[in-house]
1. Going through segment 123-145 one residue at a time, which ones are within 22 Å of residue 196 (Cα to Cα), more than 11 Å from the chain's Cα centre (by Cα) and not hydrophobic (A, V, I, L, M, F, W, C)?
2. When only residues in segment 1-43 that are of a type in the set (Gly, Ala, Ser) and more than 14 Å from residue 114 (Cα to Cα) count, which is surrounded by the most Cβ atoms within 10 Å (Cβ to Cβ)?
3. Which one of these is more than 21 Å from residue 44 (Cα to Cα) and at pLDDT below 80: 159, 171?
4. Going by what's in this entry, would residue 147 be described as at pLDDT below 90, of a type in the set (S, T, N, Q) and either within 30 Å of residue 10 (Cβ to Cβ) or not assigned by TED's automatic domain parsing to the domain that holds residue 49 (or both)?
5. Looking for whichever is touching a helix residue (DSSP H, G or I) at 6+ places or on another chain (Cβ under 9 Å), closer than 20 Å to residue 7 by Cβ and in a helix (DSSP H, G or I) here; the options are 145, 149, 119. Which one fits?
6. Would you call residue 180 in a helix (DSSP H, G or I) and loosely packed, with under 14 Cβ neighbours inside 10 Å?
7. So which of 127, 132 is at pLDDT below 90, on the phi < 0 side of the Ramachandran plot and not acidic (Asp, Glu)?
Amino acid sequence: MAAVFAFLGMLLISILVALLAALQLGDFFNASGEFGLVILSVVAFTSVSLAVFALAYRVTRRVGVLTVVALALGIVALAPLALPGLIQKIADRSHNPYTVGVENTSITLELIVPALLAVLVQWGLVRRHWLRARGDEGLTRWPWVTTAVAGLVTLNPIGLAFLGGTLNRSGGDLLWEFVATVTGAGFAALLVMAWVECYIRERMLNRRLGAPPPAPREAAPDEFKSAKESPL
């Protein structure tokens, strides 16, 4: 029963993360009538992916299998790239005249980014629970703090504006160099932060795994004396 509640919490957390990402992207791309299908698709994929993780959690005897499952689900999350017809059907529901011609790209991002984030969150939570249930160390080398910071910095109106301005350079745009410089500096800072966090996590993990077992406590002389005098 404890595992059921644990996986229910994982589902709620992953859905929350995925929906927050989808809502930020939908707001940035001015989504309209098609966004309901996007939300339903994100929730459905998140639920199915956790069901796959739950099955792997139950049958596997090696934690590495969970990583393989996560990679497979990550590839499945990229399916919208190979399904332009499905994306077009969703785009046909759009009623925003200002997004004509770019709906397919925005819908693809609104589906892929939340799905990948959901898989990443579920992998970390399921892996940690699997290790803790077997008495192993649950700390990972993955830079979770940097990942959270990168998500908060990128998936907001300002971050998305800088990222979009860097990728969509137009002729005569005098501010492009400034925007690209800020974006590049932010990306470099995140890389350095990720490296530092991975280094710290590696040191912590090696210290915990290499820590010797506690030595047996030696009895004090008074304890030996009281033990000899005891009638038992």
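The values are calculated or read from the model by the stated rules, or taken from the named source; none is laboratory data. Just so it is clear, the structure is predicted and the values come from calculations on it, not from any experiment. Note that each Cβ is placed from the backbone with ideal geometry, even for glycine, and that neighbours are counted across all protein chains shown.
1. Passing the criteria: 128, 137, 138, 140, 141.
2. First, the residues of segment 1-43 that are of a type in the set (Gly, Ala, Ser): 2-3, 6, 9, 14, 18, 21-22, 26, 31-33, 36, 41.
Then keep just the ones that are more than 14 Å from residue 114 (Cα to Cα); that gives 2-3, 6, 9, 31-33, 36.
Numbers: 2: 8, 3: 12, 6: 17, 9: 12, 31: 22, 32: 16, 33: 13, 36: 12.
Top of the filtered list is 31.
3. Working: 159 fails: at pLDDT below 80.
Result: 171 is the single residue among 159, 171 that is more than 21 Å from residue 44 (Cα to Cα) and at pLDDT below 80.
4. Numbers: at pLDDT below 90: no; of a type in the set (S, T, N, Q): yes; either within 30 Å of residue 10 (Cβ to Cβ) or not assigned by TED's automatic domain parsing to the domain that holds residue 49 (or both): yes.
It is false that residue 147 is at pLDDT below 90, of a type in the set (S, T, N, Q) and either within 30 Å of residue 10 (Cβ to Cβ) or not assigned by TED's automatic domain parsing to the domain that holds residue 49 (or both).
5. Working: 145 fails: closer than 20 Å to residue 7 by Cβ; 149 fails: closer than 20 Å to residue 7 by Cβ.
After applying the criteria, what remains is 119.
6. On the way: in a helix (DSSP H, G or I): yes; loosely packed, with under 14 Cβ neighbours inside 10 Å: no.
Judged against the criteria, residue 180 is not a match.
7. On the way: 127 fails: at pLDDT below 90.
The conditions single out 132.
The rows are residues; the columns are (1) free of Cβ contacts under 8 Å to residues at least 24 places away in the same chain; (2) more than 15 Å from the chain's Cα centre (by Cα); (3) at negative phi.
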residue: 41; (1), (2), (3): no, yes, yes
residue: 48; (1), (2), (3): yes, yes, yes
residue: 58; (1), (2), (3): yes, yes, yes
residue: 62; (1), (2), (3): yes, yes, yes
residue: 79; (1), (2), (3): yes, yes, yes
residue: 85; (1), (2), (3): yes, yes, yes
residue: 111; (1), (2), (3): no, no, yes
residue: 116; (1), (2), (3): no, no, yes
residue: 120; (1), (2), (3): no, no, yes
